[in-house]
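Participant: Mind having a look at this structure? Questions to follow.
The values are calculated or read from the model by the stated rules, or taken from the named source; none is laboratory data. As the structure is a computational prediction, the values presented were derived from the model and not from experiment. Note that each Cβ is placed from the backbone with ideal geometry, even for glycine, and that neighbours are counted across all protein chains shown. Accessible surface is based on the protein model in full, side chains and every heavy atom, while ligands, DNA and RNA are left aside. Shrake-Rupley method; radii C 1.70, N 1.55, O 1.52, S 1.80 Å.
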Amino acid sequence: MPRSRPAPGDLDVEHVRDRLSSYVYGNITVLAAAIAVDPDAIRHGSAVWAVLATAVLTYAAHVLSHLVAHGVGEQDTSDDARRESFATIARNANPIATSGLIPAVLYAVAWAGWVPEQWAQTAALVILVVRIGLVGVFMQRFSGRKPTFLGLWGGIVLAAVAFVIGLAKVVLTH
């Protein structure tokens, strides 16, 4: 039976690095946006658009910056090579765009009045921190190693640092 996903060892390490970088960066930027959200923004629906706009615009900026950076040095200038380069860059940045989906859904559910605003806020923050906290395990898995407690611990430290970065961004820029 064919596999639907490649084995971790079958993946190009540069693509895995780009996607993991996008995953961490996207989750940190959305975490900062989620920290900045207040119950009134959730109640009025603007929180949904704030996290979605953060994710989508960060994705667009990331893709643009990588396209510019890929213009450095010698390169294959054929149309096929350009299309492949753009497709690869866009695909590797997908984790940035998707990082805002769960918080947006949680905020939309609260906006609809199905759950309290504070519950949606707490759940969004916890989910984003947990997503970042699993990075250590992901790194071990995609490096072909069995996940260990040390990998989990490294992810927990990363999540704490990411939370501090998100909090500092909100305190210093809002």
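Participant: Using a Gaussian network model of the chain whose springs link C-alpha atoms within less than 10 Å, name the residue from SER85, SER21, SER46 with the highest mean-square fluctuation.
Facilitator: Answer for the Gaussian network model of the chain: SER85.
Participant: Summarise the accessible area of segment 16-147 (1.4 Å probe, protein heavy atoms) by the percent that is carbon and sulfur. Walk me through the intermediate numbers first.
Facilitator: Values: 4630 of 7150 Å².
Looking at segment 16-147 in its full context, I get 65 percent from C and S.
Participant: May I pose another question? Suppose all protein chains stay in the model; what accessible area per residue would a 1.4 Å probe give for the chain, in Å²? Present the calculation step by step, with values, prior to reporting the outcome.
Facilitator: Numbers: 10580 Å² over 174 residues.
The answer is 61 Å² per residue.
Participant: Kirkwood hydrodynamic radius (Cα pairs, Å) of the chain?
Facilitator: Values: mean 1/r = 0.0570 Å⁻¹.
That comes to 17.5 Å for the chain.
Participant: Given the DSSP H assignment, sum -39500 (n - 2.57) over each helix run of at least 4 residues in the chain and divide by its residue total; what's the result at 222 nm in deg cm²/dmol, nearest 500? Working shown, then result.
Facilitator: Numbers: 9 runs with 134 residues, N = 174.
After summing the helix terms and dividing by residue count, I get -25000 deg cm²/dmol.
Participant: Picking from VAL170, ALA93, ALA124, whose Cα lies most toward the positive end of the charge dipole for segment 36-174 (charges on Cβ: Lys, Arg +1; Asp, Glu -1)?
Facilitator: Final value for the positive-end residue is ALA124.
Participant: Taking a 1.4 Å probe, which of HIS70, HIS62 shows the most accessible area, and what order do the others take after it?
Facilitator: Numbers: HIS70 95, HIS62 30 Å².
The ranking, largest first, comes out as HIS70, HIS62.
Participant: Could you tell me whether segment 81-174 comes out rounded, prolate or oblate from its Cα gyration tensor? Rule is a ≥ b ≥ c as square roots of the eigenvalues, rounded for a/c under 1.5, then prolate if a/b exceeds b/c, otherwise oblate.
Facilitator: The shape class here is oblate.
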